[in-house]
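The values are calculated or read from the model by the stated rules, or taken from the named source; none is laboratory data. Predicted model only: the values in this text are computed from it and were never measured. Cβ placement follows ideal geometry from the backbone for every residue including glycine, while neighbour counts extend to all protein chains displayed.
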């Protein structure tokens, strides 16, 4: 067995997502399992270089996990020929420039979404990566969640017949920050810093819908700021200039309609923080982060509307749980493994910068739809 060291510059690991999901639960988890076996006698050994602006924070994380390499100089790291991959989980406003530098330096790139602040920038990155001949991938973690993998299994097996509609509910109450600390960074609520739930979540909905049910062909959205003032990490009040809730209707190729509510101003009365209900001619399913329940056409009860008497049926009990039937690894780690196999073993991979651009496009058109109060067509994008 040959061990190949893969040096990965990881920019943004001081943030919640970059640290927990990408560094700890993906890259360090791969090291804990002995590396990634490519199946040809080669084991990839990821060696992270922690990159960011706050050296003291980087050193603290490195010390906590027995790592040695940290840097605040992105140009120097990208100029190092031993660095193979650049990963970005910075704030959105800083991502486009950094990715452009990494691609120009000939590095393979893997990045959180959105890939840029606008479609033009996102497409420019995809075209630059294509011209430069580097491998590139965009995090699309939701489709690797156990609940959505079960849902895809149902779609692929023809369980639904013709899919009629998809209903999605995502969100939770993010504290304003005055009497309880907010559980999301304050920049998420400032449009000038790249914040907003449309920019954050519509790219997710694009790839979930595209992957499972078909390309989004139109969007009609209402984005709003329900909480106009919040308090930042220092306890200082600030104006919330970004949308904190969005209500979207998406037409899909093939005729299905998706309705998805996204909100940081909703209190949870559902089994999981995100749930999708899919209704088809032959059956329905409700999928969350981990679970998926189904009701087939042949087992569908016959409810009768009668508001004069209490409900006599426990509707949730009429659904059947979809079994795991396999072990589900962490979704972020699973996609890291696929990307590394794509780079070093030529494995197929289609969650690239062009796919990322589709997500940016949907967010951009969703905001346009909200601002103009109309339905907006979503044209196909290409290199």
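Keeping to the range 362-383, report how many residues are assigned to a helix (DSSP H, G or I) and over 25 Å from residue 289 (Cα atoms). Residues flagged as assigned to a helix (DSSP H, G or I) and over 25 Å from residue 289 (Cα atoms) within the range 362-383 amount to 8. Regarding residue 52, is this residue more than 20 Å from the chain's Cα centre (by Cα) and within 14 Å of residue 89 (Cα to Cα)? So residue 52 fits the description; yes.
Looking only at the range 229-252, decide whether some residue is in a loop (DSSP other than H, G, I, E, B), closer than 25 Å to residue 350 by Cα, assigned by TED's automatic domain parsing to the domain that holds residue 184 and touching a residue at least 40 places away in the same chain (Cβ under 8 Å). Taking every residue of the range 229-252 in turn, none turns out to be in a loop (DSSP other than H, G, I, E, B), closer than 25 Å to residue 350 by Cα, assigned by TED's automatic domain parsing to the domain that holds residue 184 and touching a residue at least 40 places away in the same chain (Cβ under 8 Å). Taken over the range 253-266, residues that are out of contact with any helix residue (DSSP H, G or I) (no Cβ under 8 Å at 6 or more places or on another chain) and either exposed (fewer than 15 other Cβ atoms within 10 Å of the Cβ) or assigned to a strand (DSSP E or B) (or both) amount to 7. Scan the range 328-336 and tell me whether some residue there is within 28 Å of residue 269 (Cβ to Cβ) and without any contact (Cβ under 8 Å) to a residue 12 or more places away in the chain. Checked the range 328-336: no residue is within 28 Å of residue 269 (Cβ to Cβ) and without any contact (Cβ under 8 Å) to a residue 12 or more places away in the chain.
Just one of the listed residues (276, 332, 328) is surrounded by 11 or more Cβ atoms within 10 Å (Cβ to Cβ) and assigned to a helix (DSSP H, G or I), namely 332.
In summary, residue 41 fulfils each of the numbered conditions (1) surrounded by fewer than 14 Cβ atoms within 10 Å (Cβ to Cβ); (2) at pLDDT below 95; (3) under 30 Å from residue 190 (Cβ atoms) with the single exception of condition (3).
The residues listed here are 177, 147, 100; of these, the one that is over 30 Å from residue 281 (Cα atoms), touching a residue at least 12 places away in the same chain (Cβ under 8 Å) and not in a loop (DSSP other than H, G, I, E, B) is 100. Somewhere in the range 307-316, is a residue part of a loop (DSSP other than H, G, I, E, B), more than 18 Å from residue 207 (Cα to Cα) and touching a residue at least 12 places away in the same chain (Cβ under 8 Å)? Yes, the range 307-316 contains at least one residue that is part of a loop (DSSP other than H, G, I, E, B), more than 18 Å from residue 207 (Cα to Cα) and touching a residue at least 12 places away in the same chain (Cβ under 8 Å). Examine the range 356-371 for a residue that is surrounded by fewer than 20 Cβ atoms within 10 Å (Cβ to Cβ), farther than 19 Å from residue 197 by Cβ, touching a strand residue (DSSP E or B) at 6+ places or on another chain (Cβ under 9 Å) and at pLDDT 95 or above, and state whether such a residue exists. Looking through the range 356-371, none of the residues is surrounded by fewer than 20 Cβ atoms within 10 Å (Cβ to Cβ), farther than 19 Å from residue 197 by Cβ, touching a strand residue (DSSP E or B) at 6+ places or on another chain (Cβ under 9 Å) and at pLDDT 95 or above.
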